[in-house]
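The values are calculated or read from the model by the stated rules, or taken from the named source; none is laboratory data. Keep in mind that this is a model prediction, so the values were computed, not measured. For neighbour counting, all protein chains shown are included, and Cβ atoms are generated from backbone atoms with ideal geometry for every residue, glycine included. For the accessible areas, the whole protein counts, side chains as well, though only heavy atoms, and no ligand, DNA or RNA atoms are used. Shrake-Rupley method; radii C 1.70, N 1.55, O 1.52, S 1.80 Å.
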Amino acid sequence: MNFLFNKYSHFNLANIVTFFNISCGIIAIYFLTHNEFIGAALFAWLAGAFDIFDGKIARKYNLSTEFGIQLDSYADFLSFVIVPAMFIYFAIFDGKEEQFNMALLAGVFIYYIICGLRRLIQFNINSEEGEVERYFIGVPTPLGAILLWIVYLIFLTGFINEYIVLFLMIVIGYLLNSKIKIKHLWKKRLLLLI
């Protein structure tokens with residue numbers, strides 16, 4: 001069991017928690033493709049919990065490595081970019097494709113996914129092992145996922161339509177790569193909500 005606290009093991013405790021994040025993202029996708037939105041939302045939120053804990057564990061036990069940084073961003077891309085985009089598509093647009101311009105739909109979803117990927121790549125370029133910046137520059141992808149979740153909940157009320165959802169996806173995608181400073185402490189506040 002020494003590998004759990006070996007900084008250079010790809011299966012140290014922090015990375016295992018990140019693998020749980022990835023697993024939750026994959027399971028959420030499974031549920032989305034079967035129109036089981038409650039199951040998908042549950043596993044997306046579980047992925048968020050694992051995302052909070054992997055970094056805390058890495059810092060507490062000095063397990064932060066370049067591999068862990070890359071792995072965490074892959075997990076974030078899956079769980080907080082791909083899953084929320086798929087959630088919005090399957091929950092709102094699936095089966096309604098004939099009502100919308102497919103080029104517009106595809107363009108918005110591709111734009112959002114590329115924005116999320118670009119944000120994570122830039123984050124990795126700027127990251128150093130074991131360091132936590134005081135501020136995020138741009139909206140972090142987990143917060144972007146929460147914002148998309150809020151958009152979905154507002155859509156359910158009937159207050160906004162599908163075109164507003166697409167517009168808000170563009171806005172949130174832009175915010176992922178904006179120069180807005182967000183205090184890193186929001187993860188602690190989010191943990192209180194879970």
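Taking the 1.4 Å solvent-accessible surface of segment 1-141 as the whole, the part contributed by carbon and sulfur is 64%.
Restricting to DSSP H runs of at least four residues, report the calculated mean residue ellipticity at 222 nm for the chain, -39500 (n - 2.57) per run over all residues, nearest 500 deg cm²/dmol. So the calculated ellipticity at 222 nm is -22000 deg cm²/dmol.
A Gaussian network model of the chain, with springs between Cα atoms under 10 Å, assigns the largest mean-square fluctuation among G158, G107, G144 to G158. Among A145, A49, A75, the residue with the largest mean-square fluctuation in a Gaussian network model of the chain, with springs joining Cα atoms closer than 10 Å, is A49. Where a ≥ b ≥ c are the square roots of the eigenvalues of the C-alpha gyration tensor, would you call segment 49-114 rounded, which needs a/c under 1.5, or, failing that, prolate if a/b is larger than b/c, or oblate? Note, shape of segment 49-114 comes out prolate.
How big is D, in µm² s⁻¹, for segment 24-68 by Stokes-Einstein at 37 °C and 0.692 mPa s if Rh is the Kirkwood radius over C-alpha pairs?
On the way: Rh = 11.6 Å.
Answer from the Stokes-Einstein relation: 284 µm²/s.
Just need the relative contact order of segment 5-132 here, percent rounded to a whole number, with Cα pairs under 8 Å and 6+ apart. List each step's numbers first, then the result.
Values: 134 pairs, mean separation 40.2, N = 128.
Relative contact order for segment 5-132 comes out at 31 percent.
Pairs of lysine in the chain with Cα under 23 Å and at least 8 positions apart or on different chains: total? The number of close lysine pairs in the chain is 11. Estimate the FRET efficiency between I38 and I180 by the formula 1/(1 + (r/R0)^6), using the beta-carbon distance for r and 30 Å for R0, to the nearest 0.05. That gives a FRET efficiency of 0.40.
Where in the chain lies the longest segment free of GluC sites (Glu not before Pro) that are both loop residues by DSSP (not H, G, I, E, B) and have at most 15 other Cβ atoms within 10 Å? Walk me through the numbers before you get to the answer.
Values: sites that count: E36, E128, E129, E131, E133.
The reported range is 37-127.
Extending 7 Å from Cα along the Cβ direction at L104 and again at I137 yields two label points whose distance is 3.5 nm.
On full extension of the chain, what length is gained from F5 through D94, given 0.36 nm per residue of separation minus the C-alpha to C-alpha distance? List each step's numbers first, then the result.
Values: separation 89, 0.36 × 89 = 32.04 nm, distance 4.45 nm.
Full-extension gain reported as 27.6 nm.
Using a Gaussian network model of the chain in which every pair of alpha carbons under 10 angstrom is joined by a spring, one finds that among L117, L176, L147 the greatest mean-square fluctuation is at L147.
Note that segment 23-98 presents 45 Å² accessible area per residue, ligands and nucleic acids not counted, probe 1.4 Å. Probing with 1.4 Å while keeping every protein chain in the model, the per residue accessible area of segment 129-180 equals 55 Å².
Helix 162-176 sits at what angle to the longest principal axis of the chain, using alpha carbons and giving 0 to 90 degrees rounded to 10? Taking the Cα atoms of the chain, the angle to 162-176 is about 30 degrees. Note on N62 and I114: the model spin-label points, each 7 Å out from Cα along the C-beta direction, lie 4.4 nm apart.
Working from the pairwise distances between different alpha carbons, so that the mean of 1/r is found and then inverted, what is the chain's Kirkwood radius in Å? Display every interim value, and only then the final one.
Working: mean 1/r = 0.0580 Å⁻¹.
When all Cα pairs of the chain are included, the Kirkwood radius is 17.2 Å.
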